[in-house]
Structure formats: structure tokens, C-alpha cells
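Peer 1: Okay, here's the structure, questions in a sec.
Computed from the coordinates by the stated procedures, all read-outs in this text should not be read as laboratory data. The model shown is predicted, which means the values in this text are computed figures rather than measured ones. Here the Cβ positions follow ideal geometry from the backbone for every residue, glycine too, while neighbour counts run over all protein chains shown.
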Amino acid sequence: MKEFIDSTGKKWVLSLTIDAVKRCRDLLNINLLEPEKGDPPLLTQIGTDEILFCDLLYCLCKPQLDQAGITDEQFGQSLGGDAILSASNGFYEEMVDFFRKRGRSDRAKAVAKQQEVIDLAVRRIERTLDLLDLETEIEKALGSVSTNSPGSSGSTQDR
């Protein structure tokens, strides 16, 4: 079991069990036991669609949420960026553990690789942004803008 802390400081436990898998299947129509299936694969969908991921968190935490009397909307309000990052790390670790313990090292490896892909993509985008010369890009997009062009007049005369 892995844990994450939401933006209000509340601790939530992520536990991948058959009950949790069935709940995700029934509420979201996704099968966590087949993370490589789909187009794009479910792992890619979870890693790139933050709304889907937060809905998945809700399904995984639903018994705890129900016990605490917390609605889906209230839970969503407690999921800021830091909480989503923490939950994402915990979710992937929980998935890897689940598949390893089940003897499905292929799926455990796929989940671990998905997390690596996300981390690598973020680093690459950051490097690209760091190298970006905004002045040059603006000139390319707008062309050379003359500063001597006559301004438009607010009034025109009708003939």
C-alpha cells in the first residue's frame, strides 16, 4: 500500500486490490489489470490525462472517501499539483508492486517504464523551453514589424 497527502494535508492510502480494480472497471470502464491494452494504451492515458488520473484516484480511494463523507467534488478540490504528483508516484509504485507480487514482471516493467517515459518527456520539454529564444521566435511568427507605420485614426469621415 502506498500513501499520498492531498492539498489539505489529509493522507490517503492507495491499495491495488481486486476490489479496487472492479470499482475502477465499474465506475470508469477501465481495466487496471490490462495496462498495456487500448489505443493509446491505458498506461499512456493515465499518464497524460490528469482528469482521468484524478477520477482513478477517486475510485481507488472511494471507500475511504465514503467513510469520511467526502464527495467526488470535494476530493477533486483537494488535488492540487503537489498532491497529484505525490499520488502519481504512489500509484505507479503500487501498480509495480501489485504486478510483481502477482508474478507478472512484464506488466510491472511496463508500468515502471511508463513512469520513466513521463519523467523523460518532462525533462526534454524543459530543456527545449530553456533553449528557446523568445525574441527570435516572435520575429519569425510576426515578421519584421515596422515602427514607422502610421497609426490608425480613431475617427474617419464619411463622404
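Peer 1: Straight-line reach from residue 62: which lysines have Cα under 24 Å away, leaving out those fewer than 8 places along the same chain?
Peer 2: 2, 10, 11, 22, 101
Peer 1: Arrange the following residues from fewest to most other Cβ atoms within 10 Å of their Cβ: 78, 105. All intermediate terms of the calculation are to be shown ahead of the outcome.
Peer 2: Details: 78 15, 105 11.
Starting with the residue having the fewest Cβ neighbours, the order is 105, 78.
Peer 1: Still on this structure: In what order do 54, 59 fall by count of nearby beta-carbon atoms within 10 Å, going from fewest to most?
Peer 2: 54, 59
Peer 1: Which three semi-axes in whole Å describe the equivalent ellipsoid of the stretch 44-93, each the square root of 5 times a Cα gyration tensor eigenvalue, listed largest first? Please list the in-between numbers first.
Peer 2: On the way: eigenvalues 68, 24, 21 Å².
In descending order the semi-axes read 18, 11, 10 Å.
Peer 1: Sorting 95, 1 on the 10 Å Cβ count, fewest up front, what's the list?
Peer 2: 1, 95
Peer 1: Can you work out ³J(HN,Hα) from phi for every residue in the stretch 5-17, in order, using Karplus 6.51 cos²θ - 1.76 cosθ + 1.60 and θ = phi - 60°, giving whole Hz and x for Gly and Pro?
Peer 2: For the stretch 5-17, the Karplus curve yields 10, 7, 5, 9, x, 7, 8, 10, 9, 9, 9, 8, 10 Hz.
Peer 1: Here's something else I'd like to know. Measure nothing but the geometry: give the 0 to 90° angle between the long axis through the Cα atoms of 18-28 and the longest principal axis through the Cα atoms of the chain, rounded to 10°.
Peer 2: Tilt relative to the chain: about 40 degrees.
Peer 1: Going Cα to Cα from residue 109, which aspartates and glutamates come in below 18 Å? Please leave out same-chain ones fewer than 8 positions away.
Peer 2: Answer for residue 109, where 18 Å is the Cα cut-off: 34, 36, 93, 94, 97, 119, listed by chain and number.
Peer 1: So, one more: Using a simple spin-label model with points 7 Å from Cα along the Cα→Cβ vector, what separation in nm is obtained for residue 93 and residue 44?
Peer 2: 2.8 nm
Peer 1: Restricting things to alpha carbons, tell me how big the chain is in terms of Rg and Dmax, in Å.
Peer 2: Answer for the chain, Rg first and Dmax second: 23.5, 85 Å.
Peer 1: Rounded to whole Å and ordered largest first, report the semi-axes of the equivalent ellipsoid of the stretch 1-73 derived from its Cα gyration tensor (root of 5λ). Don't skip to the end; give the middle numbers.
Peer 2: Working: eigenvalues 95, 36, 25 Å².
One finds semi-axes of 22, 13, 11 Å for the stretch 1-73.
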